[in-house]
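Below you'll find the structure, written out as structure tokens, and then a few comments.
The values are calculated or read from the model by the stated rules, or taken from the named source; none is laboratory data. Not measured: the values here are computed from a predicted model. Counting neighbours? That spans all protein chains shown, and the Cβs are built from the backbone with ideal geometry, glycine included.
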Amino acid sequence: MYTISIETDFAASHQLKGYHGKCRSLHGHTWKVRVEVLALETDSIGISIDFRKLRTIAENVIEKIDHKHLNEVPPFDEINPTAENLARTIYTQIREKLPPPIRMSRVTVWESVRHAVSYSESEIAESQ
């Protein structure tokens, strides 16, 4: 099995609703995102998915939130724009755009160089 990953970033502001600390106030981050997908095999020239294709898929999802106030962009106008919710939302939206037989593995979102969240449905299913 192959794990293929790309990294990208975006800038956005947010406010955490119901949080009792500094992050309840308007603030922004340059978010870093790593997308990891899985492939069982390669094509005739030894590629499972072209890095550029995976990057394009990821960036098409992320462009909707780049340089935005997340609290005003669906679904974050209804759910709290936490790093956890960002990771799950990006994961789900990229998964919907992947060509078969490529499968999602994980999305990791950093809101700073020291703070990150990863989301993976396969790890959730394995822990239950």
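Return the pairs, sorted by first residue and then second, in which the second residue is part of a helix (DSSP H, G or I) and not β-branched (Val, Ile, Thr), the first residue lies in region 84-103 and is closer than 15 Å to ARG55 by Cα, the beta carbons are less than 6 Å apart, and the residues are 6+ apart or on different chains.
From residues that are closer than 15 Å to ARG55 by Cα, the pairs are ILE94/ALA58.
I'd like the residue in region 56-66 that is free of Cβ contacts under 8 Å to residues at least 40 places away in the same chain and assigned to a helix (DSSP H, G or I) and, out of all such residues, is surrounded by the most Cβ atoms within 10 Å (Cβ to Cβ).
VAL61
So which residues in region 67-87 are surrounded by 14 or more Cβ atoms within 10 Å (Cβ to Cβ), of a type outside the set (A, V, I, L, M) and in a loop (DSSP other than H, G, I, E, B)?
PHE76, ASN80, PRO81, THR82
How many residues are exposed (fewer than 13 other Cβ atoms within 10 Å of the Cβ) and in contact with a Pro (Cβ under 7 Å, 6 or more places away or on another chain) if we restrict to region 1-53?
Count: 1.
Going through SER120, SER105 one at a time, which residue ends up being of a type in the set (S, T, N, Q), under 19 Å from THR8 (Cβ atoms), at pLDDT 95 or above and touching a Lys or Arg at 6+ places or on another chain (Cβ under 9 Å)?
Result of the check over SER120, SER105: SER120.
Assuming THR108 fulfils every condition listed in (1) surrounded by 18 or more Cβ atoms within 10 Å (Cβ to Cβ); (2) in contact with a Leu (Cβ under 9 Å, 6 or more places away or on another chain) apart from one, which condition is it?
(2)
ASP9 passes all but one of (1) at pLDDT 95 or above; (2) in a helix (DSSP H, G or I); which number fails?
The failed condition is (2).
Taking region 25-55, which residues are among the small types (Gly, Ala, Ser), part of a loop (DSSP other than H, G, I, E, B) and under 23 Å from MET1 (Cβ atoms)?
SER44, GLY46, SER48
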